[in-house]
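Undergrad: Attaching a single structure in structure tokens format; questions to follow.
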Amino acid sequence: MRIAVYVPLLLSLLAPLGARPLAERCEPRLATWLLTASALVLGTATTISLGLLAITGLIRFPQPAGLGHWSAHAAQRDDPAELSVALISGLLLGAAVLMAARMLWRRARTLATAALEAACMPAEDGLVVIEDEAPNAFAIPGLPGRVVVSTGMLHTLDETERHILLAHERAHLTAHHYAFVALTQLGAAANPLLRPLATAVTYTIERWADENAAIATGDRERVARTVGKAALAAHQVPARTPGAALGILGRRTPLAAAGPVPRRVAALLAPPFGRHPVLTAATATVLAITALSTAEAAHDLHLLLETVGAR
């Protein structure tokens, strides 16, 4: 436990360094899965590590130790962690749990509101057209979800570009992109060091939807032009959207307003990204080390509790 319990915390410091390479060099769908898994595993592991360290501090005091029939004196002598480290870990653990619970509540409430609004929207083949001169398009998750497009956006785009826009927005719904965003935000809520991973996922899901649109239309250059055109139109006439619905980022998100548009256009004008086995293997290795070190730290704490309980 002297080393293993700190490994997830150390890897959380290093993980954000890999967020940009994964987002920029790896196939978007795979990158989204890897980033989401990293945020969840590291967020969970660091929370567990803080909990383990906090427990080593609690058993040094007679009253908490008495609850488990442990010897506080033996714990003070055998505990590998400094008391100050244990106390700080306890404070950080409380903050992590509070932030994660707060995020879960807000996300669940927003999803419920979005699902209710989507169910109330009259739609034709899942498409809702709203009267609004501001160019806007977004997906609302629900059962079923809805793609909402303003008349301003429809007037801005030609027929082919409209098909691209609809393919992009429907990809958000069919691939459940809102779930990836919610899960990475949960990991980042538990461990703020992981926020770059959550930010990267908001970009990779847009890239994922862009690639789906490119596959559906068979014209990557046309998709790139559509993304740029929609972004320019939305910039010139800011979109007005009601606040009750949920978009893929926790709010309604226009086709080209989410994520750095120039990076998305450049990626579409380049050949499609591959799976990048080196980055995939590196991410899998980090996650495996995180899981093993957390299990080892938990086992070490178990042995410590057995030791101090036997005296």
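Undergrad: Check His168, His176 and return the single one that is touching a helix residue (DSSP H, G or I) at 6+ places or on another chain (Cβ under 7 Å) and more than 16 Å from Ala233 (Cα to Cα).
TA: His168
Undergrad: Quick one: count up the residues across the range 1-20 that are touching a Leu at 6+ places or on another chain (Cβ under 6 Å) and not hydrophobic (A, V, I, L, M, F, W, C).
TA: Residues that pass the stated criteria total 1.
Undergrad: Filter the helices (runs of 4 or more DSSP H) completely within the range 3-62 down to those with at least 2 residues that are hydroxyl-bearing (Ser, Thr, Tyr), in contact (Cβ under 8 Å) with a residue 12 or more places away in the chain and surrounded by 20 or more Cβ atoms within 10 Å (Cβ to Cβ).
TA: On the way: elements: 7-14, 19-25, 28-58.
So the answer is 28-58.
Undergrad: Quick check on Val97: is it within 30 Å of Leu166 (Cβ to Cβ), at pLDDT 85 or above and of a type in the set (A, V, I, L, M, F, W, C)? Write out each step before concluding.
TA: Details: within 30 Å of Leu166 (Cβ to Cβ): no; at pLDDT 85 or above: yes; of a type in the set (A, V, I, L, M, F, W, C): yes.
Considered against the rule, which asks whether it is within 30 Å of Leu166 (Cβ to Cβ), at pLDDT 85 or above and of a type in the set (A, V, I, L, M, F, W, C), Val97 comes out as no.
Undergrad: Would you check if there is a residue in the range 168-175 being buried (at least 17 other Cβ atoms within 10 Å of the Cβ), under 22 Å from Arg222 (Cα atoms), of a type in the set (Gly, Ala, Ser) and modelled with pLDDT of 90 or more?
TA: yes
Undergrad: Search the range 189-235 for residues being under 27 Å from Glu133 (Cβ atoms) and basic (Lys, Arg), and hand back the single one that is surrounded by the most Cβ atoms within 10 Å (Cβ to Cβ).
TA: Result: Lys229.
The values are calculated or read from the model by the stated rules, or taken from the named source; none is laboratory data. From a predicted model like this one, the values you see are computed outputs, not experimental measurements. Because the Cβ atoms are built from the backbone with ideal geometry, glycine has one as well, and the counts that use them run over all protein chains shown.
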